[in-house]
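**Student:** Have a look at the structure that comes next, please.
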Amino acid sequence: MEDILDVYTTPYDPKRPVICMDEKPLQLLDDIRDPIPMDVGRVRKIDSEYKRCGTCSIFVFVEPLRGFRRVSALPRRTRVDWAHEVERLLTVDYPDAGKIVLVMDNLNTHSLGSLYEAFQPAKARALAERLEIHYTPKHGSWLNIAEIELSALTRQCLNRRIPDLDFLNRELSAWEQATNANQRQVHWQFTTSDARIKLRHLYPE
């Protein structure tokens, strides 16, 4: 825990940005009957019956101090999928950063080994050398700022039926652009000193 809290106190450095990432599974749903649109004095009505259209996985990357977010949805969340998302982070989003400090949970796909599964060894090694990975502790997902952003995304963008991946990615792109335009930063307040006082039960006697 203290490792993550110390990372969050790092001053902003565009050459060594702190990025938080997380994933969220989503079930795609469609209406069986067309909703009745709202009218004067009448709310929009949606039938309780729906059609399942499969599942997907949403990837979110957040740079808290810059106010940058990237969100995308893929059909799966395999090791290769994660590796390609990280490659995009390093080569498209942050091509000039010498090292990216990456905060995430220790899901089995979130490892440098996934890069070697997706790319040739030389490329995988080059990508891995630009990563400094910090894993959130078990039951410590609340320490991941990307999870907080996923909660906001769910309330603001995913609180309705979404039928397919193309539609979802258009909605995610619109949310991403609007949020990045505001450059809403995240200033983490909970420090290591706070943890040693308020979470004393987590420390050995």
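**Student:** Tell me, what HN-Hα J-couplings in whole Hz come from the Karplus equation 6.51 cos²θ - 1.76 cosθ + 1.60 at θ = phi - 60° for each residue of region 14-31, using x for Gly and Pro?
**Tutor:** Ordered by residue, 3J(HN,Hα) equals x, 7, 9, x, 8, 10, 10, 10, 7, 10, 9, x, 9, 8, 7, 10, 10, 6 Hz.
**Student:** Which value in deg cm²/dmol, rounded to the nearest 500, describes the helix-derived mean residue ellipticity at 222 nm for the chain, given -39,500 (n - 2.57) per DSSP H run of n ≥ 4 and division by the residue count? Intermediate results must be reported in sequence, preceding the final value.
**Tutor:** Working: 7 runs with 70 residues, N = 205.
-10000 deg cm²/dmol, from helical runs alone.
**Student:** Further question on the same structure: Reachable lysines from Lys51, Cα under 23 Å, same-chain residues fewer than 8 places away excluded?
**Tutor:** Of all the lysines, those that pass the test against Lys51 - Cα under 23 Å, at least 8 places apart if same chain - are Lys24.
**Student:** May I ask you to give the percent of accessible area on the chain that is carbon plus sulfur, with a probe radius of 1.4 Å? Could you put the intermediate results ahead of the total?
**Tutor:** Values: 6070 of 11770 Å².
Heavy-atom surface of the chain belonging to carbon and sulfur, 1.4 Å probe: 52 percent.
**Student:** Read phi for every residue in region 84-98 and hand back ³J(HN,Hα) as whole Hz from Karplus 6.51 cos²θ - 1.76 cosθ + 1.60, θ = phi - 60°, with x for Gly and Pro.
**Tutor:** Karplus-based 3J(HN,Hα) across region 84-98 equals 5, 5, 5, 4, 4, 4, 6, 9, 10, 6, 9, x, 9, 6, x Hz.
**Student:** Which number do you get for Rg(Cα) / (2.2 N^0.38 Å) in region 23-148? Before the final figure, lay out the partial values.
**Tutor:** Values: Rg = 19.2 Å, N = 126, 2.2 N^0.38 = 13.8 Å.
In units of the 2.2 N^0.38 Å rule of thumb, it is 1.39.
**Student:** Which one of Asn169, Pro64, Leu115 has its Cα pushed farthest toward the positive end of the charge dipole of the chain, where Lys and Arg give +1 and Asp and Glu give -1 at the Cβ?
**Tutor:** Farthest towards the positive pole: Asn169.
**Student:** Kindly sort Ile133, Ile32, Ile58 by accessible area of their heavy atoms, largest first, with the probe set to 1.4 Å.
**Tutor:** Values: Ile133 45, Ile32 85, Ile58 0 Å².
Accessible-area ranking of Ile133, Ile32, Ile58, largest first: Ile32, Ile133, Ile58.
**Student:** His187: accessible area at probe 1.4 Å, nearest 10 Å²?
**Tutor:** Ignoring ligands and nucleic acids, His187 comes out at about 120 Å².
**Student:** Which of the lysines could a cross-linker span from Lys99 if the Cα-Cα distance has to be under 24 Å and same-chain partners fewer than 8 positions apart are dropped?
**Tutor:** Answer for Lys99, where 24 Å is the Cα cut-off: Lys15, Lys123, listed by chain and number.
**Student:** Checking a compactness column here: for region 120-205, what do you get for Rg(Cα) / (2.2 N^0.38 Å), N being the number of residues?
**Tutor:** Values: Rg = 18.5 Å, N = 86, 2.2 N^0.38 = 12.0 Å.
In units of the globular-protein estimate, region 120-205 measures up at 1.55.
**Student:** To continue, here is another question. Taking the chain as a Gaussian network, Cα atoms linked when under 10 Å apart, which of Glu176, Glu63, Glu129 shows the biggest mean-square fluctuation?
**Tutor:** Glu129
**Student:** How big is the antiparallel share of DSSP beta bridges in the chain, given as a percent to the nearest 5?
**Tutor:** Values: 20 of 28 bridges.
Of all bridge pairs located within the chain, approximately 70 percent are antiparallel.
The values are calculated or read from the model by the stated rules, or taken from the named source; none is laboratory data. Keep in mind that this is a model prediction, so the values were computed, not measured. Using ideal geometry, Cβ is built from the backbone for each residue, glycine included, and neighbour counts are taken over all protein chains shown. Note: accessible area is taken over every heavy atom of the protein model, side chains too, but ligands, DNA and RNA are not part of it. Shrake-Rupley method; radii C 1.70, N 1.55, O 1.52, S 1.80 Å.
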